[in-house]
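Here is the structure we will look at.
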C-alpha cells in the first residue's frame, strides 16, 4: 500500500491529492512508523473527524490508536500531556481553535511550562492539531483565527501548513520535536487539491519559505491566506508589479530573517493575516520589520487583516470581513506609490 | 538657456524679470538662473518685445532650450500665433483597471502617475514632504539634499525620487537630448528640455555644486590643456609712486588699488598678444577681438568665480576700479550676470593677499592663458648699476601650448612688465 492510501500509481512521480488527504497520509505514516503515536479527539474515530481528515483510520489502526474522546477539551488535552509525559507521542485533535480555549489552561499553563518548571526534567512531546479560520459560514464561534495568541506563548511551537507539502510533511517533524507543537490547519485548505510528489515526506519546521519570488513588494502571509496572496501576486504581475510571497510556515518561533531579507530587497511590505490587527501576529511582524529593516523601508508597512468584528455568518458579510484578493492587490499598489 | 560656461549643461530658471509685452534691449536682465556657479542674471541677446515666457520658474532647462520668445518691435502680434509653444503636458496616468479603489476612495488612482508637472508645487499645500526611511538613507549616501527632491504621490519622497534627483544632477544626459536642445534657430514649438525639475538649492547644495563645477573645469583643463609656465619679477616701485600721487588727486571713494594697474596691464598686453586672448574650441584657437579679463574671486563659503571685466583694455582706470569693486561685491554677496560668467577671454588671479609669492594657475577652459600675481615684497633690486630695495611682485603665466609658445609667452610677460613701468599710460 502506498503512503497515500492506494490512490497513487506507484510509478508516477507526482500524485494528485487534497490537503485533507495529505494530512491523513501524514497521520498514517506517523502511526505506521512509531508505535507510540496515537490520535485522539472529538469524533476522530467513528465519525472520521469533523473535517474527515481521519476518515478510515479507525478501521485501519483500531480504537487503541484512534481514540474518540468526550466533549471536554481540557480533559483530553490534559490526557495528551499526561501520555506524552508517560512516553507516548500523542496527536491530539481539537475540532477548531475556538474550542481550544477550553483547553487553554492545559496548553499554556501545563504543556508550555512543565519543561521549565521541572528544571528541564520533563519534555512534553505532544502534537495538537486544530482547524482555524473562517470562510465557510460557520459564524463567530467557529471561525476565528486565534493562532496568533498561541504564537505569543514561549514553550510551544506553532505551525501553519499552507501547502500540500507542509500538510504532508510537518506532522512527522513535529512529533520528533521533544516539546509541544500546535498545528493550525485552515478550514478552507482541506479541499485544496494539487500535485504532490509521490515520495513526499517530512519537512523542516524551522523556516519561512518564499513561495513566489519578486522584486517590488514583499507579501507576508501564512496558512489560509497564502492561496489568496499568491493569486493577488499574479494579478499584481499583470500590473507590472512583481510581488514576493513569503509563507511564514512557523508562527513561533518566528523566522524573521527571510522577512527582513525580502523587505531589504523590495523595500515594501504588506502583511496578510486573517487574524485581527490589534495585538496580533501581523503587528508582531510589522514590529520585526521596523526593528530590523527600518532604513530599508520605502513605504509604510501595510496590513490586510480581518475586520475587527466577530466573524459574521451571512456570506456577503463574512467575505467582506476577511482579507480578499482585491484588498491585497490594493494594499500592494498603495505601498508601491507612483513608482510601480 | 544660455551657456554660462563650457561646463554647464543645465540651468534652473529661478525668476522671470520681465513679462510678455515688455520691451527689452540687448543687455537687459530678463531672468535669474541658478547654475552650479550660483545665481546668475541672464541678459537678453537682442532688442525686441517679449512675446511669451515658455518656462516656469523652478524648471531645469538644458543649455539651448527655449525659455521665451522675443519678437521685433511692431511684429509682436504677427509672430504671436506660430511662436506659441505649449508647456509640457504630463504623461497620461496608466489606468489600473484590475485594481479596485482602496477603501477610502482616493482621486482616480494615478497609481504610477507621472512626475509632477514642471513648475507645479508638490501636492499637500507646501507641507513638508514625508520621506521614507530608505529615501532618507539613500539621499545621505548620494549626498542629495532632500530639499531639492520633488515629492511624489501623496507628497511623499521615496527612494526613486531621490535617485531621479541624483541622476539629473550627476549623470550626463543622453547626447541626443542635448543636441536636440541646441538648435541654431529656436523652432516654433521647441520641446521642453528633459529632466525638468523644480529646484530650490540650499547654501550647502550650492557650495557642493560649485565644487563639482570647479572640479569638472579644472580636471578638463589639466587633462586637455598642455600648460607651460613662465615667471618674471616686476619692480612696482614706479607704479606705486605714481599710484600714490594719483590717489592724492582723487576723492577717497575713487582711489585706486594697485590691483587695477595689474588688470589693466594684462588687458593691454593681451590686446597686443592675440595668442593669449581667446578660446581653444574644436581643435583650433579662436582669438577674441575684445579683451574681457576674468578676475578670479574666491568666495567666503568656498569656491571661486572669475567674472569678466568687459573690455578692460579700453576702460580708464577709475571706471575699471569701480567695476572691480562692484563685481567682487556681487560675486560674494549677490548675483553675477550671464555675460560676466561666460565671456572672459583671459584670467587674472591674484593671491598676493594670501601671502604667497607666486601662483602657477590652472587655465580655465576654453581660455588659453592665465596670469598670476603674488605678494608684493621688498627685495634688493639691482637697476642701472645700483642696488636698491624695491617693491617687487611675481608675475606668472600659465599658457596653453596648443595656442602659443614660450617665446610668445615670454614677450607677453615682458609686455606686462613694460606697461607697469609706465603707469601713467595705463
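Would you please name the residue that is surrounded by the most Cβ atoms within 10 Å (Cβ to Cβ), looking only at residues in region B:292-303 that are under 23 Å from residue B:368 (Cα atoms) and touching a helix residue (DSSP H, G or I) at 6+ places or on another chain (Cβ under 7 Å)? Filtering region B:292-303 for residues that are under 23 Å from residue B:368 (Cα atoms) and touching a helix residue (DSSP H, G or I) at 6+ places or on another chain (Cβ under 7 Å), the one surrounded by the most Cβ atoms within 10 Å (Cβ to Cβ) comes out as B:293.
How about region A:203-251: which of its residues are free of Cβ contacts under 8 Å to residues at least 40 places away in the same chain and away from every other protein chain (no Cβ under 14 Å)? Of everything in region A:203-251, those that are free of Cβ contacts under 8 Å to residues at least 40 places away in the same chain and away from every other protein chain (no Cβ under 14 Å) turn out to be A:203, A:204, A:212, A:213, A:230, A:244, A:245, A:246. With respect to residue B:319, is the statement that it is assigned to a loop (DSSP other than H, G, I, E, B) and closer than 27 Å to residue B:30 by Cα true? Spelling it out, it is not the case that residue B:319 is assigned to a loop (DSSP other than H, G, I, E, B) and closer than 27 Å to residue B:30 by Cα.
Inspection of region A:22-36 identifies no residue that is out of contact with any strand residue (DSSP E or B) (no Cβ under 8 Å at 6 or more places or on another chain), farther than 24 Å from residue A:160 by Cα, modelled with pLDDT under 95 and surrounded by fewer than 23 Cβ atoms within 10 Å (Cβ to Cβ).
Among the residues of region B:253-275, some residue qualifies, meaning at least one is part of a helix (DSSP H, G or I), in contact with a strand residue (DSSP E or B) (Cβ under 9 Å, 6 or more places away or on another chain) and free of Cβ contacts under 8 Å to residues at least 40 places away in the same chain.
Counting the residues of region A:291-307 that are assigned to a helix (DSSP H, G or I), more than 11 Å from chain B (Cβ to nearest Cβ) and in contact with a helix residue (DSSP H, G or I) (Cβ under 7 Å, 6 or more places away or on another chain) gives 1. Whether a residue is in the same structural domain as residue B:242 (by TED's automatic domain parsing), crowded, with 21+ Cβ neighbours inside 10 Å and not in a helix (DSSP H, G or I) was assessed, and residue B:365 passes this test. The single residue among B:355, B:372, B:385, B:361 that is free of Cβ contacts under 8 Å to residues at least 24 places away in the same chain and closer than 21 Å to residue B:260 by Cα turns out to be B:355.
Being buried (at least 16 other Cβ atoms within 10 Å of the Cβ), within 20 Å of the chain's Cα centre (by Cα) and not assigned by TED's automatic domain parsing to the domain that holds residue A:227 is a description that applies to residue A:151. Report yes if some residue within region B:279-291 is crowded, with 18+ Cβ neighbours inside 10 Å, within 17 Å of the chain's Cα centre (by Cα) and assigned to a loop (DSSP other than H, G, I, E, B); otherwise report no. No, region B:279-291 contains no residue that is crowded, with 18+ Cβ neighbours inside 10 Å, within 17 Å of the chain's Cα centre (by Cα) and assigned to a loop (DSSP other than H, G, I, E, B). The sole residue among A:283, A:321, A:299, A:287 that is touching a residue at least 60 places away in the same chain (Cβ under 8 Å) and either outside the structural domain of residue A:150 (by TED's automatic domain parsing) or surrounded by fewer than 24 Cβ atoms within 10 Å (Cβ to Cβ) (or both) is A:321. When B:185, B:144 are checked against the criterion of being modelled with pLDDT of 85 or more, assigned to a loop (DSSP other than H, G, I, E, B) and away from chain A (no Cβ under 11 Å), B:144 stands alone in meeting it. Residue under question is residue A:254, and the condition is that it be surrounded by fewer than 22 Cβ atoms within 10 Å (Cβ to Cβ), touching a residue at least 60 places away in the same chain (Cβ under 8 Å) and more than 10 Å from every other protein chain (Cβ to nearest Cβ); does it hold? Spelling it out, residue A:254 is indeed surrounded by fewer than 22 Cβ atoms within 10 Å (Cβ to Cβ), touching a residue at least 60 places away in the same chain (Cβ under 8 Å) and more than 10 Å from every other protein chain (Cβ to nearest Cβ). Looking at this structure, is residue A:49 modelled with pLDDT of 95 or more and in a loop (DSSP other than H, G, I, E, B)? Against the criterion (modelled with pLDDT of 95 or more and in a loop (DSSP other than H, G, I, E, B)), residue A:49 does not qualify.
Selection of region A:257-278 for residues being farther than 23 Å from residue A:149 by Cβ and either out of contact with any helix residue (DSSP H, G or I) (no Cβ under 8 Å at 6 or more places or on another chain) or surrounded by fewer than 22 Cβ atoms within 10 Å (Cβ to Cβ) (or both) yields A:257, A:258, A:260, A:261, A:262, A:264, A:265, A:266.
Residue A:197 meets each of the listed conditions (1) within 21 Å of residue A:29 (Cβ to Cβ); (2) in contact (Cβ under 8 Å) with a residue 40 or more places away in the chain; (3) under 20 Å from the mean Cα position of the chain (by Cα) apart from (3).
If you go through region A:308-340 and keep only what is assigned to a loop (DSSP other than H, G, I, E, B) and within 11 Å of chain B (Cβ to nearest Cβ), you end up with A:324, A:340. Scanning region B:388-426 for residues that are assigned to a helix (DSSP H, G or I), under 25 Å from residue B:245 (Cβ atoms) and touching a residue at least 24 places away in the same chain (Cβ under 8 Å) yields a count of 7. Restrict the check to region A:61-82 and report whether at least one residue is in a strand (DSSP E or B), in contact with a strand residue (DSSP E or B) (Cβ under 9 Å, 6 or more places away or on another chain), at pLDDT 95 or above and surrounded by 23 or more Cβ atoms within 10 Å (Cβ to Cβ). Yes, region A:61-82 contains a residue that is in a strand (DSSP E or B), in contact with a strand residue (DSSP E or B) (Cβ under 9 Å, 6 or more places away or on another chain), at pLDDT 95 or above and surrounded by 23 or more Cβ atoms within 10 Å (Cβ to Cβ).
The values are calculated or read from the model by the stated rules, or taken from the named source; none is laboratory data. Treat the numbers as computed from the prediction; the structure is a model and nothing was measured. Because the Cβ atoms are built from the backbone with ideal geometry, glycine has one as well, and the counts that use them run over all protein chains shown.
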